[in-house]
Amino acid sequence: MAQKGSVLIVDDEVGPRESLRLILKPIYEIHTAADGDEALRCVQDKDIDVVTLDLKMPGMSGFEVLRGIKKLKADIEIIIVTGYGTLKNAQEAIHHGAGDFISKPFNIPDIISIVNKSFMRRRYNLQINSLVQKIKGLKDLEEEKQEGLQEDFPLPSGENINPSRGASEH
């Protein structure tokens, strides 16, 4: 069975937080937080894939929480879910790393689709990062092999064999 993705729902209002929890619980492992400090602790302690984040909360604002999450774990996908859906807020959220922005009230099919899209985007990004690391490792291995060949098989003139071009040039 494939691992269930995990979603952290951050909202100071019980109604929207519980609505999202009930909507997403059949599909994802759900964690909830009522404020920014609780959200940051959850991100530190748990393996979170996607965060739904309200902007207007007492104490730490949603923008502060967004920046804090991205500092802790930059690969987490964040969806802003707010009743203050202005263009300025959306632009600022995207600038700070949010992957999507949805206004309250939201409809169920839209929120499920956006969370699923964010979850898949995170999985693809993790796979791409893993492949990039493997490629870098192969490149380093190839460079080590070339250095070893040059050390093991120097030409009489002091030149070394470069496997990619034959003998090195003068």
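The values are calculated or read from the model by the stated rules, or taken from the named source; none is laboratory data. Only a predicted model underlies this, so the values are computations on that prediction, with no experimental measurement involved. Here the Cβ positions follow ideal geometry from the backbone for every residue, glycine too, while neighbour counts run over all protein chains shown.
Look through segment 87-122, keep the residues that are small (Gly, Ala, Ser) and in contact (Cβ under 8 Å) with a residue 40 or more places away in the chain, and return whichever of them is nearest to Lys73 (Cα to Cα).
Looking at the filtered set, the residue picked out is Ala98.
Could we say that Glu18 is within 26 Å of Leu126 (Cα to Cα) and among the acidic types (Asp, Glu) here?
Judged against the criteria, Glu18 is not a match.
From the list Ile27, Ile48, pick out the single residue that is out of contact with any Ser or Thr (no Cβ under 9 Å at 6 or more places or on another chain), β-branched (Val, Ile, Thr) and assigned by TED's automatic domain parsing to the domain that holds Gly83.
Going through Ile27, Ile48 in turn, just one is out of contact with any Ser or Thr (no Cβ under 9 Å at 6 or more places or on another chain), β-branched (Val, Ile, Thr) and assigned by TED's automatic domain parsing to the domain that holds Gly83: Ile27.
Quick one: which residue in Pro109, Pro58 is exposed (fewer than 13 other Cβ atoms within 10 Å of the Cβ) and in a loop (DSSP other than H, G, I, E, B)?
Pro58
From the list Ile102, Ile78, pick out the single residue that is at pLDDT 95 or above and buried (at least 16 other Cβ atoms within 10 Å of the Cβ).
After ruling out the rest, the residue left standing is Ile78.
Go through segment 36-55 and count every residue that is buried (at least 16 other Cβ atoms within 10 Å of the Cβ) and assigned to a loop (DSSP other than H, G, I, E, B).
So the count comes out to 4.
When you look at Val14, is it over 24 Å from Asn107 (Cα atoms) and assigned by TED's automatic domain parsing to the domain that holds Ala98, yes or no?
no
I need the full set of residues from segment 1-22 which are surrounded by fewer than 18 Cβ atoms within 10 Å (Cβ to Cβ) and either of a type in the set (Asp, Glu) or in contact with a Phe, Trp or Tyr (Cβ under 9 Å, 6 or more places away or on another chain) (or both), in order please.
Correct list: Lys4, Asp12, Glu13, Glu18.
Please work out if Asp75 is part of a loop (DSSP other than H, G, I, E, B), within 16 Å of Lys117 (Cα to Cα) and touching a residue at least 24 places away in the same chain (Cβ under 8 Å).
yes
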